[in-house]
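To start, the structure under review is shown below, and the notes come after it.
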Amino acid sequence: MNPFRRGRKGTLVAAGLAAVTLFALSGTADAQPVRAAGGVAVQAGGGAQAERRAESRTQAATGADWLHTDGNRIVDENGHEVWLTGVNWFGFNATERVFHGLWSANLDTLTRQMAERGINIVRVPISTQLLLEWKNGQATVPSAVNSWANPELKDRTSLQVFDAFLDVAEKYGIKVMLDVHSAEADNAGHIHPVWWKGSITTEQFYTAWEWVTDRYKSDDTLVAMDIKNEPHGKQGDSPRAKWDGSTDQDNFKYACETAGRRILAVNPHVLILCEGIEVYPRDGTDWSSTDAADYDYNWWGGNLRGAAEHPVDLGAQQDQLVYSPHDYGPLVFAQPWFQGEWSRTTLERDVWDPNWLYLHKSGTAPLLIGEWGGFLDGGPNEKWMTALRDVIVENRISQTFWCLNPNSGDTGGLLGYDWATWDEAKYALLKPALWQEDGAFVSLDHQTPLGGEGSTTGISLTDLYGAG
């Protein structure tokens, strides 16, 4: 295992999980036989079993739960407004190549608990490297899955574990979003500022997205694709992500358009999420300047100022576009806007409005805040989190909270280090930002209530809106 803090500024700090490292050794294993449903042994790396399973998912999918946008709202195929309110669960992006926590927790149990508590979508960070391994039939059996806690996952490859997660998510009425978190399978891979690295090229990045989209194109459990996590870099960095009207390799606006159009050519029904960058030139300057005073700054992935002048263009499928900023509090980094006296009013006026909230307020496009969260410190961080939570609720902005995992060193998670106990105080802060109607949590599935059949805490979209 690699139990590190997220290291948003590049620092890796052990998170103190020695007690579970027995089940969390990173690395790969040789593909080995697993037992198919009919009792025939096949290779765990793919082959006939994986093809049969993909085919069965295609046949089972109804295709009724796809989403699109209408102004600043996300709506279902009947035009009814939906509210995506979820959480991040990382690990597939890391060296373990599978959800963290499966070294002690049961996949079905955690997924059911999320659904029963109102989480209707899970953002799953992954790496381009792992997608390419899956594409090339190189999926391996991850060592970070405890088969005693997860007997149904014994000898399953990372791809088969992901498929199993889609099954249980569907069972409990949860939808899924994929996020290419990093180029390489690396616990600190998100620190790299752009979507290409080493042997991972920009074209491979696009190809990986096309492959995974094609594999699940008939499965409306996977409803959204977050093109790249937190593109960033300051004006003097190389490489760094910029945003303009060019076709340059480092122009994230162009990369998001290209990946989005190639994804939508395969499946025109998935949502395309495009994050921001870190810096953007002020009026009267351009990207040639290396003077810090010529730029406006925000969190990695949080600067969407460029979308005003250079909006992402998805062509005929423009109504699949959702902008997705990230925002954090002072315990992650003491940004200038947290100095001196500050409040929700100053944050909204000086930070959120000019960087991304203007897109919602102007009706340009919907927002989904892909990452926000942190420790409850009884002070500034909690003050920030409450302020952003209230903006989310009052504007019905979609969001995925960072995170379920306890081993995010600079934020913590909704779960304790035993991967079983929920942080009830943090959950209580989040709960108003989870979609509820008349005391029931609302699924994004038309048939399955959130929490599964017989749920006492959730309802389906049909329960809410009727069949029409």
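The values are calculated or read from the model by the stated rules, or taken from the named source; none is laboratory data. In this text, all values refer to a predicted model and were calculated from it rather than measured experimentally. With ideal geometry, Cβ positions are generated from the backbone for all residues, glycine too; neighbour counts draw on all protein chains shown. These area figures cover heavy atoms from the full protein model, side chains too; ligands, DNA and RNA do not enter into them. Shrake-Rupley method; radii C 1.70, N 1.55, O 1.52, S 1.80 Å.
The table below lists the values:
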quantity	calculated
Dmax and Rg, reported as Rg then Dmax, of the stretch 160-240 (C-alpha, Å)	14.9, 48
Long-range HN-HN contacts of I74 with modeled amide H, under 5 Å	V82
Stokes-Einstein diffusion coefficient of the stretch 162-206, Kirkwood radius over Cα pairs, 25 °C, 0.890 mPa s, in µm²/s	196 µm²/s
Accessible surface of the chain [probe 1.4 Å, protein heavy atoms]: carbon and sulfur percent	49 percent
Backbone N under 20 Å from the Q447 label point (7 Å along Cα→Cβ), restricted to the stretch 199-220	216-220
Computed lengthening from E203 to R282, 0.36 nm per intervening residue step minus Cα-Cα distance	25.3 nm
Whether the stretch 310-468 is rounded, prolate or oblate, judged on the alpha carbon gyration tensor where a/c under 1.5 counts as rounded	oblate
Computed [θ] at 222 nm, helices only, for the chain once each DSSP H run of length n ≥ 4 contributes -39500 (n - 2.57)	-7000 deg cm²/dmol
Gyration tensor verdict on the stretch 50-191 (Cα atoms; rounded if a/c is under 1.5, prolate if a/b is larger than b/c, oblate otherwise)	prolate
Per residue solvent-accessible surface (Å²) - the stretch 86-207, probe of 1.4 Å	25 Å²
Under Karplus coefficients 6.51, -1.76 and 1.60, residue-wise ³J(HN,Hα) of the stretch 85-102 in Hz, glycine/proline x	10, x, 8, 9, 9, 9, x, 5, 7, 9, 5, 5, 6, 6, 3, 5, x, 6
Between 0 and 90°, nearest 10: helix 158-171 axis offset from the chain longest Cα axis	90 degrees
Within the stretch 387-424: backbone nitrogen closer than 13 Å to the L376 label point (7 Å, Cα to C-beta)	413-416, 422-424
Per the chain, cysteines lacking a partner by the 4.7 Å Cβ criterion	C403
Cross-link partners of K253 among lysines (Cα-Cα below 17 Å; sequence separation of 8 or more within a chain)	K228, K234, K242
Label assignment, Cα extents along the principal axes in Å derived from the structure, set [x] 68, 51, 48; [y] 70, 47, 41; [z] 102, 48, 43	[x]
